[in-house]
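Here's the structure we're looking at; comments come further down.
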Amino acid sequence: MNPPLDDPASPDKDAPLREDIRLLGRILGDTLRDQEGDDAFELIESIRRTAVRFHRDEDADARHELEATLNAVTDHDAILVVRAFSYFSQLMNIAEDQHHNRRRRAHLLAGSPPQEGTVGRALARLREAGVGPERIAAFFRDALIAPVLTAHPTEVQRQSILDRQLEIARLVAERSRDGLAPFEQAENEEAMRRAVLTLWQTRMLRLVRLNVEDEIDNGLAYFRSTFLTELPRLYAEIEDALAAAGHASAGALPRFLFIGSWIGGDRDGNPFVTADKLRHAAREHSALAFDFLLGETHKLGSELSLATRLVDVTPELTRLAEASHDTAPSRADELYRRALIGIYARLTATARAHGHTVIARFPLGDAAPYDSAQAFIDDLDVMIGSLRRHGSAPVARGRIRSLRCAATVFGFHLAPIDLRQHSGVHEQVVAELLARAGGAEYGTLDESARRALLAQELAGARLLSSPFAQYSETVKSELAILRAAAEVQE
């Protein structure tokens with residue numbers, strides 16, 4: 001009996017990928033024919049077939065045919081060709097991404113050795129190199145990995161296009177699973193056709209340039225769709241791999257990987273990034289962080305229905321539940337739920353203290369806000385410790401672990417906002433401040449003299465700015481940014 005096509009031992013492991021590509025290509029072709037007519041479809045098919053001959057067979061005649069065809073197309077047809085091949089490339093990328101996921105899943109199901117690029121393979125290589133648990137633990141204590149979002153890539157990708165791509169990816173993944181009934185396969189293909197049709201009828205490019213608020217919203221979309229859920233999942237994968245490898249100290253990882261952002265703080269070449277825009281970015285970041293933490297806390301409350309008639313909770317958990325002031329008779333013995341009601345109330349109060357409006361779910365009663373994200377994490381740790389104590393470690397590795405990790409990684413602020421400005425602007429500002437304060441001509445000094453002067457000023461107590469002095473718009477703008485940053489930190 002031959003192995004299934006998605007089996008690691010299959011002689012034709014890429015057959016499912018070709019099947020997905022054929023399906024997506026056929027749906028796009030059908031959409032093109034229905035929307036633009038047979039002539040447009042035949043033109044693009046002719047270009048595709050000729051391009052394949054040229055690329056695959058290195059056929060010189062095919063190259064000349066391709067050049068002649070493309071040189072002869074009208075402006076209208078040229079746009080159709082560009083859109084058709086752009087969407088075809090997007091669909092093929094989706095198919096390839098899903099195939100990589102499928103192959104990884106096949107290897108996991110088959111119990112294959114860890115593949116390159118996986119956490120398991122990285123740990124295996126460390127073990128082969130004789131790197132011990134203490135060095136690995138030290139790495140995570142000291143490591144700092146912070147990819148940073150910039151405005152430029154998010155400007156190009158429209159959220160509407162991204163949403164449809166994610167929908168198509170979900171549908172392709174759904175088809176990969178065994179057990180779809182014929183009517184489910186038909187529903188899946190119909191949903192895919194709707195998504196491709198919507199994609200074809202959606203503008204690829206923006207008609208107007210994004211403003212700073214739009215750039216901030218676009219950046220936040222990546223946190224909503226990916227980072228808030230996937231980073232905790234990655235942390236959990238690493239924690240579980242360390243535990244499986246026998247690292248006795250394996251537990252909750254410190255915050256070594258997080259996402260930063262320049263959006264709302266990058267002023268280099270963008271005069272529209274002002275102090276108010278920085279405040280707006282920080283406020284929107286924080287609002288999203290609280291929205292996620294509150295939503296997950298609420299979901300956790302619906303899951304942790306454990307009753308003290310059946311489990312023995314710790315005294316710390318009991319105190320946490322009693323502090324919630326939840327007196328509902330129906331929850332008298334559900335101490336985890338009572339504790340989460342109190343935690344939710346405190347989290348709501350914290351969000352409001354940060355200036356956010358919480359309207360999705362009102363808390364049961366008033367509570368004091370948390371003074372830090374760590375205090376929120378400490379309450380979650382009380383619950384996790386109690387769950388482990390009475391044999392519910394699998395529950396402790398579920399949503400509550402992901403919530404704890406999200407609070408560790410994102411805190412109440414979501415992401416650090418990097419402030420960027422051209423060094424020439426900083427030089428201008430420092431020179432003007434020193435000049436107004438009666439200092440040296442900063443612009444005429446060499447590098448060593450500048451460093452000495454700056455060190456002297458930093459070590460001294462005098463203020464270089466005064467509310468009674470007149471400054472240029474550049475200096476006023478830069479000082480406003482720094483003051484706004486201080487407010488955000490506070």
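The table for this structure:
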quantity	calculated
Long-range amide H partners of Gly260 with built H, under 5 Å	Val148, Leu149
Mean residue ellipticity (222 nm) of the chain, computed from DSSP H runs ≥ 4 via -39,500 (n - 2.57), nearest 500	-21000 deg cm²/dmol
Whole-Å semi-axes of the ellipsoid equivalent to the stretch 233-334 (Cα gyration tensor, √5λ, descending)	39, 25, 10
Taking the stretch 187-289 and dividing mean pair separation by its residue count, relative contact order in percent (alpha carbons under 8 Å, at least six apart)	31 percent
Förster radius 45 Å - calculated FRET efficiency between Arg352 and Ala181 (Cβ-Cβ, nearest 0.05)	0.40
Hydrodynamic radius by Kirkwood, which averages 1/r over all alpha carbon pairs of the stretch 1-154, in angstrom	20.1 Å
Proximal charge balance of Gly117 [Cβ under 13 Å; K/R count +1, D/E count -1]	+2
Sites His55 and Ala15, calculated FRET efficiency, Cβ-Cβ separation with R0 22 Å, nearest 0.05	0.50
Karplus-derived HN-Hα couplings along the stretch 84-90 (A = 6.51, B = -1.76, C = 1.60, θ = phi - 60°), whole Hz, x at Gly and Pro	4, 6, 5, 5, 4, 4, 4
Karplus 3J(HN,Hα) series, Hz, for the stretch 109-123 with 6.51 cos²θ - 1.76 cosθ + 1.60 (x for Gly, Pro)	5, 7, x, 5, x, x, 8, 4, x, 9, 4, x, 5, 4, 5
Spin-label proximity, Gln159 to the stretch 246-286 - amide N less than 17 Å from point 7 Å beyond Cα toward beta carbon	263-264, 280-286
Amide H within-cut-off set for Arg420, under 5 Å, with H built and near neighbours excluded	Asp266, Arg267, Asp268
Cβ-placed point charges (K, R +1; D, E -1), dipole of the chain about Cα centre in debye, nearest 20	1500 debye
Derived scalar couplings ³J(HN,Hα) [the stretch 438-451; Karplus, 6.51 cos²θ - 1.76 cosθ + 1.60; whole Hz; x for Gly, Pro]	x, x, 6, 6, 4, x, 8, 7, 7, 4, 5, 5, 4, 4
Two-site label geometry, Leu23 and Ser423: point separation in nm, points 7 Å out along Cα→Cβ	5.5 nm
Cut-off 16 Å, label 7 Å out along Cα→Cβ of Leu445, residues of the stretch 455-474 by amide N	455-465
√(5λ) per eigenvalue of the Cα gyration tensor, the chain, largest first, Å	45, 39, 24
Dipole-positive endmost among Leu340, Val429, Phe272 within the chain (Cβ charges, Cα centre)	Leu340
Charge context of Val73, other residues only, Cβ under 12 angstrom, K/R +1, D/E -1	-4
Inter-label distance for His413 and Asp381, nm, one decimal - labels placed 7 Å from Cα along Cα-to-Cβ	2.0 nm
Residues of the stretch 395-417 with amide N under 17 Å of the 7 Å Cα→Cβ point at Gln489	413, 415-417
Solvent-accessible surface (1.4 angstrom probe) belonging to His100, in square angstrom, nearest 10	120 Å²
Residues of type lysines that Lys476 reaches as a straight line, Cα spacing below 20 Å, ignoring anything fewer than 8 places off in the same chain	Lys277
The chain, relative contact order in percent, only Cα pairs under 8 angstrom and at least six apart counted	14 percent
Accessible-area ranking of Val475, Val148, largest first, probe 1.4 Å	Val148, Val475
Inter-site label distance for Ser330 and Ala245 at 7 Å from Cα along Cβ, in nm	4.7 nm
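The values are calculated or read from the model by the stated rules, or taken from the named source; none is laboratory data. Note that the coordinates shown come from a computational prediction; the quantities given were computed from them, not determined experimentally. Here Cβ is always computed from backbone atoms with ideal geometry, including for glycine, and neighbour counts include all displayed protein chains. These accessible areas exclude ligands, DNA and RNA; they are computed on the full protein's heavy atoms, side chains included. Shrake-Rupley method; radii C 1.70, N 1.55, O 1.52, S 1.80 Å.
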